[in-house]
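Remarks on the structure that follows.
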Amino acid sequence: MTAGRSPRSPKSRLGQPLRLVLRLMVMGIGLGVITGTSLKLLAPRLAEGAIEAPSLDAAAANTGKGLDPGQFEPRTELTALSQRWAQLAAAQKGLQSSAFLLVLDDGRFAQLQPDLPLPAASSIKTPILLAGLEELDSGKLRWNEPLPLTKEVVGGGAGWMASRPVGTRFPFFEAATEMIRVSDNSATNLLIKRLGGKTALNARFTAIGLPSTAVNNWLPDLEGTNTTSSRDLARSIALVDTGEKLSPRARDLFREIMGTSRTNTLIPLGLLLGLGKDSADPDSELLSFGVTAYNKTGDIGIAYSDAALIQLPNGQRAVAAFMVKGPFNDPRSADLIRAMAGEVSKTLIGRK
């Protein structure tokens, strides 16, 4: 009969965990010493470039590249779309038309007399907004800087600021927003004056590559002396969205202000009609297609215009602008802009 294994004493059972803890501590200290020594030896070689350190670009490549903001560089013409615009315009006798589209991500574009100067109407407020935010970005203008209403800048037509007493002071942010939101003409004139007046503003437009854009008269400018082109309007939006002209914070302000625009009966409605839909609220309906249009229109009876940043369902962005000059209050002008915008939908988006 063999003797059984003798039971462990409480002391031996307690000693085993202690020994294990001690071993782990010794191993940890040893690994720490080895690691520290290795880093000390390698540090000079890393500094000298003998061993290549992982680059931030490589790390970014492993985690996925950020979205490219694109650039204002026409590369490949969508000839079928350009030709379709020309056909639509040719069918409307007595109207002068201009159109331009550019997909910022890949350079696809379409055009119809894109450099033809035409009456800008209220669409000139988009490059004026850009100029104002440039001044804000550079610290030459404050977001809440008060702008005094004077007789010189009171403008009729759209907006409510003209109804306030002369001497009323409006903060820059309110004037800039109302200029786009309800197309307030007095607000626009406040900005024109604050930015140095017509001559200074026109020189700025030329300097940033908007050669057809000029302010020659206070708004509402019903005679159509203020001019721009469809390429200029598209470029003024692209300069912001690609980051070429404004910081990210100022760019966000630009987009937020453009997003307040109430009039959506030209490009937004045209895009929706091109997708086979119609709605009294085209902006909301476009969202179901993954489309957003930040736009600013112009309408002085003899001229209609609209320019927009268009967010496409595939994540790409396009800038588009359309201008038409014709007989006073001729409904064909607005219809033509909607029709040309509809062709953009058919080309870039398709239908569900």
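The values are calculated or read from the model by the stated rules, or taken from the named source; none is laboratory data. Since this is a predicted model, take the numbers as computed values, not measurements. Positions of Cβ are backbone-derived with ideal geometry, glycine not excepted, and every protein chain shown enters the neighbour counts. Ligands, DNA and RNA are excluded from the accessible area calculation, which covers all protein heavy atoms including side chains. Shrake-Rupley method; radii C 1.70, N 1.55, O 1.52, S 1.80 Å.
Exactly one residue among T263, T228, T213, T242 is open to solvent by 30 Å² or more (accessible area, probe 1.4 Å) and β-branched (V, I, T), and that residue is T263. Counting the residues of the range 196-228 that are aliphatic (A, V, I, L, M) and within 22 Å of the chain's Cα centre (by Cα) gives 4. In the range 234-250, the residues that are over 10 Å from G70 (Cα atoms) and among the hydrophobic types (A, V, I, L, M, F, W, C) reach residues that are part of a helix (DSSP H, G or I) and open to solvent by 20 Å² or more (accessible area, probe 1.4 Å) with C-beta atoms within less than 8 angstrom, at least six apart or across chains, in these pairs: V240/R251; V240/R255; L246/E134; L246/D137; A250/E134; A250/L136; A250/D137.
Residues that are open to solvent by less than 10 Å² (accessible area, probe 1.4 Å), closer than 25 Å to D105 by Cβ and not charged (D, E, K, R) within the range 276-304 comprise P282, L286, V291, N295, listed in sequence order. Summed over the range 252-268, residues that are closer than 21 Å to F72 by Cα and touching a residue at least 60 places away in the same chain (Cβ under 8 Å) total 4. In the set S261, S236, only one residue is small (G, A, S), more than 19 Å from L101 (Cα to Cα) and either under 17 Å from the mean Cα position of the chain (by Cα) or at pLDDT below 95 (or both); that residue is S261.
Based on this model, can you work out whether I349 counts as open to solvent by less than 60 Å² (accessible area, probe 1.4 Å), within 26 Å of L130 (Cα to Cα) and of a type in the set (V, I, T)? No: the conditions fail for I349. Which one is farthest from K125 (Cα to Cα), of the residues in the range 312-329 that are open to solvent by less than 20 Å² (accessible area, probe 1.4 Å) and more than 18 Å from the chain's Cα centre (by Cα)? Here the answer is G326. Restricted to helices (runs of 4 or more DSSP H) entirely inside the range 165-221, those with at least 2 residues that are acidic (D, E) are 172-181. A search for C-beta distances below 6 Å between a residue of the range 335-347 that is touching a residue at least 12 places away in the same chain (Cβ under 8 Å) and more than 14 Å from S97 (Cβ to Cβ) and any residue that is open to solvent by less than 10 Å² (accessible area, probe 1.4 Å) and in a helix (DSSP H, G or I), counting only pairs 6+ apart in sequence or on different chains, returns G342/G270; G342/G274; S345/L271; S345/G274; K346/G274; T347/L81.
Contact map, the range 130-142: first residue open to solvent by 30 Å² or more (accessible area, probe 1.4 Å), second residue of a type in the set (A, V, I, L, M, F, W, C), Cβ cut-off under 6 Å, separation 6 or more or different chains; pairs are D137/L246; D137/A250.
Can you spot a residue in the range 228-246 that is among the charged types (D, E, K, R), touching a helix residue (DSSP H, G or I) at 6+ places or on another chain (Cβ under 6 Å) and within 14 Å of I128 (Cα to Cα)? Looking for residues that are among the charged types (D, E, K, R), touching a helix residue (DSSP H, G or I) at 6+ places or on another chain (Cβ under 6 Å) and within 14 Å of I128 (Cα to Cα), one finds at least one in the range 228-246, hence yes.
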